[in-house]
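Step one of this worksheet: look at the structure below.
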Ligand code: KIV
């Protein structure tokens, strides 16, 4: 897949021009797991803006507009303060910036838990106003009825089990799940319930590895791990975490870059040059036409 860019002379901004191609679809993602195995693991990253989507699109199968944008973009303490309007604004931007990946938008806390009907109203707004292909919601057995309600009405659902950040207050923190027999059994039951209800894939977050492996082997739908196991059918990370934008990251994050240092260095050099009046230089300054 490739994307070309042309300059919009009205705004001086580069806009991507898609080459003729077809976006991946939810059925194609689901069918990457056949007979219990995924030959080519699914690649998923979070994206919250059009420009990030443009850069990630060619490398990913799925772009997730995660409600982690609450902390990453808005500096909120948890995902609980994220609203439907925020998710819709960022979801639409990511759809505009991508041509290849399936875009999945998180349903924020409070927008779906009350009833399947409430979930349908929120999910249909997300789908209609962003153009995304699917929604993601947190919860297993407790959300099975809702997942079935949405799936049967044309809304593909990615489920999310294990460590579910919207339940941080009930869970008592962000520690790995599944260390007790009871938790182990619950996570397995949750995974089976969301598959039974019609979810097309399931994120397994922050669980001890044997559970992630057992669930991946037990389910026909793809599992996407984060803090789970390399044996899941795919992986997801928060892009800003893997780019090294934050000093503190969870143990399961691998930093592929140190973008915080790159940005700080560039801003420091800019500040020095402004103070020394060496920026703007000749190349960045307009002169009268001779
Ligand atoms: O909100 C998010 O970014 C997520 C991923 C961490 C799976 O749900």
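The values are calculated or read from the model by the stated rules, or taken from the named source; none is laboratory data. Model, not experiment: these values are computed from the prediction. In this analysis, Cβ positions are derived from the backbone assuming ideal geometry, glycine residues included, and neighbour counts consider all displayed protein chains.
Details
- Considering residues of region 216-226 that are in contact with a strand residue (DSSP E or B) (Cβ under 6 Å, 6 or more places away or on another chain) and in contact (Cβ under 8 Å) with a residue 40 or more places away in the chain only, the residue farthest from residue 59 (Cα to Cα): 221
- Any hit, region 33-41, residues being within 16 Å of residue 236 (Cα to Cα), more than 15 Å from the ligand (Cβ to nearest atom) and assigned to a helix (DSSP H, G or I): no
- Residues (within 16 Å of the ligand (Cβ to nearest atom), in contact (Cβ under 8 Å) with a residue 40 or more places away in the chain, touching a helix residue (DSSP H, G or I) at 6+ places or on another chain (Cβ under 8 Å) and outside any loop (DSSP other than H, G, I, E, B)) located in region 130-146: 130, 134, 139, 143
- Scanning region 108-123 turns up at least one residue that is within 13 Å of the ligand (Cβ to nearest atom) and either part of a helix (DSSP H, G or I) or at pLDDT 95 or above (or both).
- From the options 202, 168, residue that is in contact with a helix residue (DSSP H, G or I) (Cβ under 7 Å, 6 or more places away or on another chain) and closer than 25 Å to residue 80 by Cβ: 202
- On the stretch given as region 56-72, residues that are away from the ligand (no atom under 11 Å from the Cβ), surrounded by fewer than 20 Cβ atoms within 10 Å (Cβ to Cβ) and at pLDDT 95 or above total 1.
- Selected residue [within 16 Å of the ligand (Cβ to nearest atom), more than 20 Å from residue 113 (Cβ to Cβ) and modelled with pLDDT under 95] from 201, 228, 176, 212: 176
- Some residue of region 264-272 being in contact with a helix residue (DSSP H, G or I) (Cβ under 6 Å, 6 or more places away or on another chain) and not assigned by TED's automatic domain parsing to the domain that holds residue 175: no
- Restricting region 203-223 to residues that are under 16 Å from the mean Cα position of the chain (by Cα) and more than 17 Å from residue 35 (Cα to Cα), the residue that is surrounded by the most Cβ atoms within 10 Å (Cβ to Cβ): 204
- So residue 146, is it at pLDDT 95 or above, crowded, with 22+ Cβ neighbours inside 10 Å, assigned by TED's automatic domain parsing to the domain that holds residue 42 and over 28 Å from residue 57 (Cβ atoms): yes
- Test for residue 275: is it outside the structural domain of residue 141 (by TED's automatic domain parsing) and either at pLDDT below 95 or under 17 Å from the mean Cα position of the chain (by Cα) (or both): no
- One residue from 88, 126 being surrounded by fewer than 22 Cβ atoms within 10 Å (Cβ to Cβ), within 16 Å of the ligand (Cβ to nearest atom) and farther than 30 Å from residue 209 by Cα: 88
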